[in-house]
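For reference, the structure is listed below as structure tokens.
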Amino acid sequence: AAASSTASTTMNSARGAAKKALQEVLDLLKASQKPDSSVQRNVYQKFEELRTHSEFNQCLAYIFANGSRVDNNTRRQAGLILRGNLADSKVYINMPANVRSQVKETILRSIGDSQKQIR
């Protein structure tokens with residue numbers, strides 16, 4: 001029973017961390033849409049720092065494909081950043097195979113999206 005309690009706590013902790021990471025990426029995407037060039041410059045630098053992190057690319061894929069609660073401009077921007085990251089062979093090759101598969105599956109779900117700019 002103690003092992004299952006520990007596993008449950010670990011899973012809840014992981015979910016909490018994933019939600020926090022997702023919210024941080026959403027906040028960055030929103031901030032990048034502000035007209036303030038210094039804010040945009042800071043966000044761009046942060047995107048550059050994060051581009052090789054698998055969790056960042058997973059968050060971008062999730063926002064792009066599952067954005068029913070996110071505006072289309074933010075979804076589109078997530079997709080464009082993700083595309084740029086995946087087009088860099090160094091980023092793609094260094095991504096763990098399970099993350100590459102998850103990102104592919106997530107993106108493929110968006111092919112039938114009702115929003116033309118997302119498809």
- Note on the structure: residue 61 vs (1) open to solvent by less than 40 Å² (accessible area, probe 1.4 Å); (2) at pLDDT below 90: all pass except (2)
- Message: I'd like to check something: does the range 69-84 contain any residue that is surrounded by 12 or more Cβ atoms within 10 Å (Cβ to Cβ), modelled with pLDDT under 90, closer than 24 Å to residue 109 by Cα and in contact with a Ser or Thr (Cβ under 8 Å, 6 or more places away or on another chain)?
- Response: no
- Query: Yes or no: residue 52 under 21 Å from residue 26 (Cβ atoms), in contact (Cβ under 8 Å) with a residue 12 or more places away in the chain and surrounded by fewer than 17 Cβ atoms within 10 Å (Cβ to Cβ)?
  - Reply: yes
- Query: Residues of the range 39-54 being of a type outside the set (A, V, I, L, M, F, W, C) and under 17 Å from residue 78 (Cβ atoms), which ones?
  - Reply: 40, 44, 46, 48, 49, 51, 52, 53, 54
- Task: Identify the single condition in (1) at pLDDT 90 or above; (2) open to solvent by 70 Å² or more (accessible area, probe 1.4 Å) that residue 109 does not satisfy, given that it satisfies every other one.
- Result: (1)
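Does the range 55-63 include one or more residues that are acidic (Asp, Glu) and more than 20 Å from residue 112 (Cβ to Cβ)? Talk me through it step by step, then tell me what you get.
Filtering the range 55-63 down to residues acidic (Asp, Glu) leaves 55.
Narrowing further to those that are more than 20 Å from residue 112 (Cβ to Cβ): 55.
Scanning the range 55-63, I find at least one residue that is acidic (Asp, Glu) and more than 20 Å from residue 112 (Cβ to Cβ), so the answer is yes.
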- Query: Restricting the search to the range 73-107, which residues are small (Gly, Ala, Ser) and within 20 Å of residue 47 (Cβ to Cβ)?
  - Reply: 78, 79, 84, 87, 89
- Where a residue in the range 96-115 is farther than 21 Å from residue 51 by Cβ and its partner, wherever it lies, is buried (at least 17 other Cβ atoms within 10 Å of the Cβ) and modelled with pLDDT under 90, with Cβ under 7 Å and at least six apart: 109/65
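What number of residues in the range 23-40 are more than 26 Å from residue 94 (Cβ to Cβ) and surrounded by 11 or more Cβ atoms within 10 Å (Cβ to Cβ)? So that I can check it myself, show each step before the final result.
Residues of the range 23-40 more than 26 Å from residue 94 (Cβ to Cβ): 30-31, 33-40.
Subset that is surrounded by 11 or more Cβ atoms within 10 Å (Cβ to Cβ): 30-31, 33-34, 39-40.
Number satisfying all stated conditions: 6.
The values are calculated or read from the model by the stated rules, or taken from the named source; none is laboratory data. The model shown is predicted, which means the values in this text are computed figures rather than measured ones. As a convention, Cβ positions derive from the backbone with ideal geometry for all residues, glycine included, and neighbour counts pool all protein chains shown. Protein only, heavy atoms only, side chains kept; ligands, DNA and RNA dropped before computing areas. Shrake-Rupley method; radii C 1.70, N 1.55, O 1.52, S 1.80 Å.
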